[in-house]
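Colleague: Below: one structure in structure tokens.
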Amino acid sequence: MSGWWTVEAALREHRVRDVLVPGWIDRDDDLPEFRPQPMAVWLRLDDGLLRFESQGQYDRLGATRVPGLDWADIELLAEAEDEVIVASFGEQLFGDGRDELRCTRLRAYRTSAGVDCTCLALDFEGGHTLFLDPTWTFGIKVGNAADEQRWLKLHGGVAGVGVGVDTAVLHDG
């Protein structure tokens, strides 16, 4: 099962522990550096994971419930010569030191050209927003409420495109 309804069902039942982004360790220079490659992004739940990936012509966001991390189907990561790891972005995005966050609302943006989810915004308790944009050149742009507003400013008023939104309240809080 995939799609924004998969996200809705999972987040009604589970809390989010982290946002995980894959990449590799570049050891070519004096200082080893993590090079994020967000071709897929995972939400680590209190039980299992939600995997997000850019699909089609990088114009829609796919979501599936998965039991563990796997990037064997992502050529860039599967064939990387450097060590591939995932980095925790949760503290950076949510920054409040909580172990788990409950998602209170989601917004699945879609163009009028189809019913597939183009971008996804997740609101969490404490006023945090996670915005996932698969139309970014380098994979999925992982952002916040400001990134959502910037995306809407760029794409919400484009003539002939029109943006629809499916909203779901998951928890009142």
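Colleague: Looking only at segment 56-79, which residues are aliphatic (A, V, I, L, M), in contact with a Pro (Cβ under 9 Å, 6 or more places away or on another chain) and in a strand (DSSP E or B)?
Modeller: LEU61
Colleague: Residue under question is LEU11, and the condition is that it be modelled with pLDDT of 90 or more and not charged (D, E, K, R); does it hold?
Modeller: yes
Colleague: Does TRP42 meet the test of being surrounded by 16 or more Cβ atoms within 10 Å (Cβ to Cβ), assigned to a loop (DSSP other than H, G, I, E, B), touching a Pro at 6+ places or on another chain (Cβ under 9 Å) and aromatic (Phe, Trp, Tyr)?
Modeller: No, not satisfied.
Colleague: Here's a follow-up. Being open to solvent by less than 60 Å² (accessible area, probe 1.4 Å) and closer than 13 Å to ALA40 by Cβ narrows it down to one residue among GLU53, GLU75, GLU100; which is it?
Modeller: GLU53
Listed here are the residues, each with its yes/no results for (1) part of a loop (DSSP other than H, G, I, E, B); (2) among the basic types (Lys, Arg); (3) out of contact with any Pro (no Cβ under 7 Å at 6 or more places or on another chain); (4) modelled with pLDDT under 90.
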residue: ARG17; (1), (2), (3), (4): no, yes, yes, no
residue: SER54; (1), (2), (3), (4): no, no, no, yes
residue: GLU81; (1), (2), (3), (4): yes, no, yes, yes
residue: VAL86; (1), (2), (3), (4): no, no, no, no
residue: GLY97; (1), (2), (3), (4): yes, no, yes, yes
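Colleague: Is it fair to say THR64 is in contact with a His (Cβ under 7 Å, 6 or more places away or on another chain), touching a residue at least 12 places away in the same chain (Cβ under 8 Å) and within 21 Å of VAL169 (Cα to Cα)?
Modeller: no
Colleague: Output the residues belonging to segment 109-151 that are at pLDDT below 85 and surrounded by 16 or more Cβ atoms within 10 Å (Cβ to Cβ).
Modeller: The answer is TYR109, ARG110, THR111, ASP116, CYS117, THR118, THR135, TRP136.
Colleague: Now for a different question. Go through segment 3-24 and report how many residues are loosely packed, with under 15 Cβ neighbours inside 10 Å and in contact (Cβ under 8 Å) with a residue 40 or more places away in the chain.
Modeller: Total meeting the criteria: 1.
Colleague: Quick one: count up the residues across segment 19-39 that are acidic (Asp, Glu), in a strand (DSSP E or B) and modelled with pLDDT of 90 or more.
Modeller: 1
Colleague: Let me ask you something else. Say we look at segment 152-163 and pick out the residues that are surrounded by 13 or more Cβ atoms within 10 Å (Cβ to Cβ) and more than 30 Å from LEU76 (Cβ to Cβ); which of these is modelled with the highest pLDDT?
Modeller: It comes out as GLY156.
The values are calculated or read from the model by the stated rules, or taken from the named source; none is laboratory data. It should be emphasised that the depicted structure is a prediction, and the values quoted were computed from it without experimental measurement. Neighbour counts run over all protein chains shown; Cβ positions are idealised from the backbone, glycine included. Keep in mind that these areas ignore ligands, DNA and RNA; they rest on the heavy atoms of the full protein, side chains included. Shrake-Rupley method; radii C 1.70, N 1.55, O 1.52, S 1.80 Å.
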